[in-house]
Amino acid sequence: MNLDSKDAPVALVTGAGRGLGRGIAIELAKNGLSIAIHYGSSKEGANETASLCQEAAINNNQLFKLIQADLADSNSRDTIIEQLANRFGHIDALINNAGITEPNRRDCLEATEEDYDTVMTVNLKAPYFLTQAIAQMMIKQPSSQRLTHYQIINISSISSDTVSVNRGAYCVSKAGLSMATQVWASRLAEHNILVNDLRPGIMSSDMTAGAKDKYDKILEGGDLVPLSRWGTGEDLGKGASALLLGHFPFTTGHIIPIDGGFHLKRL
């Protein structure tokens, strides 16, 4: 990253008003990036993230501005590009973090098409077409003088290849997002844009709060997760920072587990 640039590199983090997205945004702020803090409905939460990012900032040229859009609505989502242009003037990285779990956690034999469509729209369709829009913006810009590469990072999940029968659509959406990483990595390589997938495991967030006791017991023994603790937004943010700071300049289309060793096959 070029710390001598008068403009800090800008990363758009979707769903940054709370949870894992907030943790990612704060870690990027600690590493000198400006953050476009996307939120859907909670402006209060987004403002809190902006304040925390400002406290973590290391340079005077860093900006922390809010971007509002309903990612499930194509017309609303399309306003993000104009908002970025008006508030920052450029974009250097996109982190597709926003996502939802199954609304009613029904068994897949009882799941409804409405629930399926809701999950797939937010978790897969929205990041797919936001990636398309941001990539087009990046291609039109001059080569980045702020990062070694323009970059796109998808936040998938261990549910990409780990089955939960009461969250079938969620699993399918995250598996699709991992494939989208490969599709976009292949397509955007000629433009020197890197696309990678951070795959979190059992993470402390609003999404898992209702199952805390269950996961506390699972984590306690270390049989499922060798490092025996919850993952955090900070963990994801450190992974994203390593990519954006240029420490992996020859890596694209790759899945990077942020899961405490969950992915290990052990007897």
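Just need the relative contact order of the chain here, percent rounded to a whole number, with Cα pairs under 8 Å and 6+ apart. Can you show the working numbers first?
Working: 522 pairs, mean separation 55.2, N = 267.
Relative contact order of the chain: 21 percent.
Count charges around Glu220 for me, please; just the other residues with Cβ under 15 Å from its Cβ, Lys/Arg as +1, Asp/Glu as -1.
Working: positive: Lys212, Lys214, Lys217, Arg229; negative: Asp213, Asp216, Asp223.
Computed value for this residue: +1.
When a footprinting reagent is the concern and you count Cβ atoms within 10 Å, what order do Ser143, Ser178 take, fewest first?
Details: Ser143 9, Ser178 16.
Starting with the residue having the fewest Cβ neighbours, the order is Ser143, Ser178.
Counting other C-beta atoms within 10 Å, which of Lys43, Lys6 has the fewest, and how do the rest follow? Display every interim value, and only then the final one.
Values: Lys43 12, Lys6 7.
Ranking Lys43, Lys6 by Cβ neighbours within 10 Å, fewest first, gives Lys6, Lys43.
If Lys and Arg each add +1 and Asp and Glu each add -1, what is the summed charge of the other residues whose beta carbon sits under 10 Å from the beta carbon of Ala69?
My count for the surroundings of Ala69 gives -2.
Within 10 Å of each residue's Cβ, count the other Cβ atoms and sort Cys53, Cys171 from fewest upward.
Listed from fewest to most nearby Cβ atoms, that is Cys171, Cys53.
Counting Lys and Arg as +1 and Asp and Glu as -1, what is the net charge of the other residues whose Cβ lies under 10 Å from the Cβ of Leu20?
-1
Mind checking the full-extension length gain between Thr121 and Asp161? Use 0.36 nm per residue of separation minus the Cα-Cα distance, one decimal, nm.
12.4 nm
Every number in this text was worked out from the coordinates using simple rules, so none of it is lab data. Given the structure is predicted, the values throughout are model-derived calculations rather than measurements. Here Cβ is always computed from backbone atoms with ideal geometry, including for glycine, and neighbour counts include all displayed protein chains.
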